[in-house]
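Let me begin by presenting the structure, written as structure tokens, before commenting on it.
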Amino acid sequence: MSTPAENKAVVRRMIDELWNQQKLDVADELFSADATAPDLPQLPPGPMGTKIVAQMFLGAFPDLKMVIEDMVAEEDRVAVRFTETATHTGDFMGIPASGKPVKFTEMAFLTVKDGKITSSWYNVDMMSIMQQIGAIPGPGG
């Protein structure tokens with residue numbers, strides 16, 4: 001069983017290497033073969049599900065950068081709050097590139113066992129993204 005500090009290091013590596021450096025193959029090292037994302041049940045288990053989500057986001061926002069704002073760990077759970085910035089230069093969920101910059105927040109709750117992420121829940125501020133890229137009206141619009 002890994003320690004909370006070791007679990008935080010796994011999650012920090014996921015954010016730094018997989019997302020910020022766009023090394024998608026690192027998912028094979030960080031996620032267990034049967035890892036689940038219960039809030040995205042349509043994804044395949046294991047590293048492939050993470051790679052699919054990363055390809056979707058990075059295809060639409062290739063300059064995506066994540067900054068960790070808070071991270072706490074207890075036993076096998078890690079909670080992270082981060083801010084993301086990017087430019088919408090590719091198709092995102094059927095919405096053509098707008099060229100607009102975006103800044104949004106996300107929360108992640110992950111279970112880590114023996115150095116591998118076994119489950120992950122993500123809460124992305126999709127409303128903010130959609131407003132910023134012009135897909136839906138913003139406040140007062």
Q) Within region 1-27, can you find the residues that are of a type in the set (S, T, N, Q) and part of a helix (DSSP H, G or I)? A) Asn7, Asn20
**Q.** In region 103-141, residue surrounded by the fewest Cβ atoms within 10 Å (Cβ to Cβ) [restricted to those that are under 17 Å from Trp19 (Cα atoms), among the β-branched types (Val, Ile, Thr) and out of contact with any Lys or Arg (no Cβ under 8 Å at 6 or more places or on another chain)]
**A.** Val124
**Q.** All positions within region 73-92 that are part of a strand (DSSP E or B) and either of a type in the set (Asp, Glu) or under 12 Å from Phe57 (Cβ atoms) (or both)
**A.** Glu74, Glu84, Ala86, Phe92
Q: Write out, first by first residue and then by second, each pair whose Cβ atoms fall under 7 Å of each other, whose residues are 6+ apart or on separate chains, and whose first residue, in region 87-100, is in contact (Cβ under 8 Å) with a residue 12 or more places away in the chain while the second is loosely packed, with under 12 Cβ neighbours inside 10 Å and among the aromatic types (Phe, Trp, Tyr).
A: none
Q.
What pairs come out if I take residues in region 37-56 that are free of Cβ contacts under 8 Å to residues at least 12 places away in the same chain and pair them with residues that are assigned to a loop (DSSP other than H, G, I, E, B) and small (Gly, Ala, Ser) whose C-beta lies under 6 Å away, six or more apart or interchain?
A. Leu43/Ala37
Q: Check region 33-43 and report whether any residue there is modelled with pLDDT of 95 or more and hydrophobic (A, V, I, L, M, F, W, C).
A: yes
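Here is a yes/no grid of residues against (1) out of contact with any His (no Cβ under 9 Å at 6 or more places or on another chain); (2) in a loop (DSSP other than H, G, I, E, B); (3) farther than 22 Å from Val102 by Cβ:
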position: Glu29; (1), (2), (3): yes, no, yes
position: Asp39; (1), (2), (3): yes, yes, no
position: Gln55; (1), (2), (3): yes, no, no
position: Ile68; (1), (2), (3): yes, no, no
Q: Out of the residues in region 71-95 that are farther than 15 Å from Asn7 by Cβ and surrounded by fewer than 14 Cβ atoms within 10 Å (Cβ to Cβ), state the one that is modelled with the highest pLDDT.
A: Asp91
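The values are calculated or read from the model by the stated rules, or taken from the named source; none is laboratory data. Every value quoted in this text rests on a predicted model; they were computed, and no experiment measured them. Using ideal geometry, Cβ is built from the backbone for each residue, glycine included, and neighbour counts are taken over all protein chains shown.
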